[in-house]
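Every number here is computed from the coordinates shown, using simple stated rules; none is lab data. Predicted model only: the values in this text are computed from it and were never measured. FYI the Cβ positions are ideal-geometry reconstructions off the backbone, even for glycines, and counts take in every protein chain you see.
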Amino acid sequence: MGRIYLTLIGLFSLIVTSSGQCGEELMKQALSEMGSYQYIKDFDIKLPAASSKTGTKYSVVLNSRTKYQVNVANGSTNAENVILQIFDGDKLLGTNFYNGKTYNVFKFICSKTGAYKLNVFCNGGTDACARAVLSLVEQYSDNEMPK
Amino acid sequence: MTLTIKNLAYTAICVGMLSSCTGGTQTNNGGLDDIPDSLTGAPLQLSENVVNDMIQNISSPVEMANQIKNSGAGFDQSVLNSADRMKDYDTSFKRALNLGAYSADLGYINTFNKNTVVVSYLLAVKELADGLNVGQFLDFNTLSRLAKNSTNLDSLKLLSVSSFNEMDRYLREQKRANVSTAIVAGAWVEGIYITCRVIEQTNDKDLILRLGEQKDIVNILLIILNNYRQDANFAKLVGTVEDLKKIYDDVKVTTEFGEPETKEIDGMLIIEQNAITHVDITPEQVSRIIEQVKVIRQFIVE
């Protein structure tokens, strides 16, 4: 059994070596930082310098009466940490940049089931990469929803 | 220890991805081309990119399974699609739909930590995935090993869901969004079907609200499926989902929007949407939705 794991880890190391700072090592880090919540999906974020300030958008469906966590692992060569914004249509609901600080993890309490957009960008002006993980923290009953 | 197991599970994901890059494991199942071949005649209404974006907007069956567990309902194996049926699915359309259905079943089984049942479903998923040439993303041996040890169940859940996400990402990159669409549709229908079966037994208010809130998701699903309705198989599925949409048209889902708030509590950033959703759904509408979901599910698994 030990040999099998060593072989797997060896193969994994090959992948990490070949993929560099923006590779699967980031995913491993993001998963380890997710904590004990239930993984739902991940976002492989790659922002070329030319468009890093504009960013890229991801669609995600979120359910009402649910608390989610989004945690981000930044590439080690990023000039700055990536900023995530969550939109319902055109309405900005929140961002991980708050009071002059970029948080690598935040919770989102969703109260409307529907399709949302995650906008991700980086102000560093250079190539940037990150891996973000969406996980399920808690589901509320109708009468338990935080007011 | 949890992290170590999580790392090992993740290592297995990466190895699966590595094998996908090198050709991976492929079987010589027939019928692989029945979805693509039937779609080459006319241009699609929506581009692959639009479909890829919209596919992301279909609910994860994992969340529905959690909601069912939260309702206090017990595990009921009779609501699952029998793993033995896997052998009957001999077209890529049926394989894709039922790969999705089994993935939802797997999510339900994993949520209830029923590791005695899980291996037969992992095998069914692996067989159907191989039949669609995406089996390289499912490391059956690792998944089975995790399933046999109750201390590994968190890793099993993680690996199961992330493997499906990798498979979906790969299909979309390979411009096989039609296959991805069928998988996602199968997963959504199975998740809703299980929910409906539990509602029949429990009449749980929160599950009924969840069911009502699927109105928007049905609309999105129908738009995606419609893109492929030139294929006779997809057309039949679209017809059944259109009937479901008609029932949902009378369900009223309204939202009162407040101002979203961001606050930091004990160093943790919390964003609250501060909206209130009202679902106006009658018992008769619930019954009609349940009956139509059964029709769609029967079409998928038969």
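Quick notes on this structure:
- Too-long pairs where the Cα-Cα distance tops 21 Å, listed order kept, from B:Lys94/B:Lys236; B:Lys157/B:Lys215; A:Lys28/B:Lys69; A:Lys67/A:Lys117: B:Lys157/B:Lys215; A:Lys28/B:Lys69
- Look at the stretch B:155-166: the mean tally of other chain Cβ atoms within 10 Å of its residues' Cβ atoms is 2.
- Stokes-Einstein diffusion for region B:97-192, with the hydrodynamic radius set to the Kirkwood value over Cα pairs and evaluated at 4 °C in a medium of 1.567 mPa s, equals 99 µm²/s.
- Hits among aspartates and glutamates - C-alpha to C-alpha of B:Lys294 under 17 Å, sequence gap 8 or more where chains match: B:Asp76, B:Asp105, B:Glu190, B:Glu200, B:Glu242, B:Asp243, B:Glu284, B:Glu302
- Across peptide A:42-50, the average count of Cβ atoms from other chains found within 10 Å of a residue's Cβ is 1.
- Each distinct pair of alpha carbons in region A:2-139 adds a 1/r term; the inverse of their mean, the Kirkwood radius, is 15.8 Å.
- Once both labels are positioned 7 Å from their Cα atoms along Cα-to-Cβ, the gap between B:Ile223 and B:Asp266 label points is 4.0 nm.
- Surface/4 of the Cα convex hull for region B:154-285, nm²: 11.7
- By the count of neighbouring beta-carbon atoms within 10 Å, fewest first, B:Thr277, B:Thr254, B:Thr202 end up ordered B:Thr254, B:Thr202, B:Thr277.
- The peptide list A:55-64, B:73-82, B:162-171, put in order of mean Cβ contacts within 10 Å with the highest first, becomes B:162-171, A:55-64, B:73-82.
- Across peptide B:210-217, the average count of Cβ atoms from other chains found within 10 Å of a residue's Cβ is 3.
- From least to most packed, judged by other beta carbons within 10 angstrom and beginning with the fewest, B:Arg229, B:Arg297 follow the order B:Arg229, B:Arg297.
- Toward the positive end of the charge dipole of region B:146-301, with +1 on the Cβ of Lys and Arg and -1 on the Cβ of Asp and Glu, the farthest Cα among B:Gln230, B:Leu153, B:Ile289 is that of B:Gln230.
- On Cα atoms only, tilt of A:24-34 relative to the major axis of chain A in degrees: 40
- In chain A, the longest principal axis of the Cα atoms and the axis of helix A:2-19 are about 80 degrees apart.
- Relative contact order of region B:211-283, defined on C-alpha pairs under 8 angstrom at six or more residues apart (%): 30
- Between B:Ser47 and B:Val295, the modelled label-to-label distance comes to 3.6 nm, taking each label 7 Å out from Cα in the direction of the beta carbon.
- Distance from the C-alpha centroid of region B:100-167 to that of region B:172-230: 20 Å, rounded to the whole angstrom.
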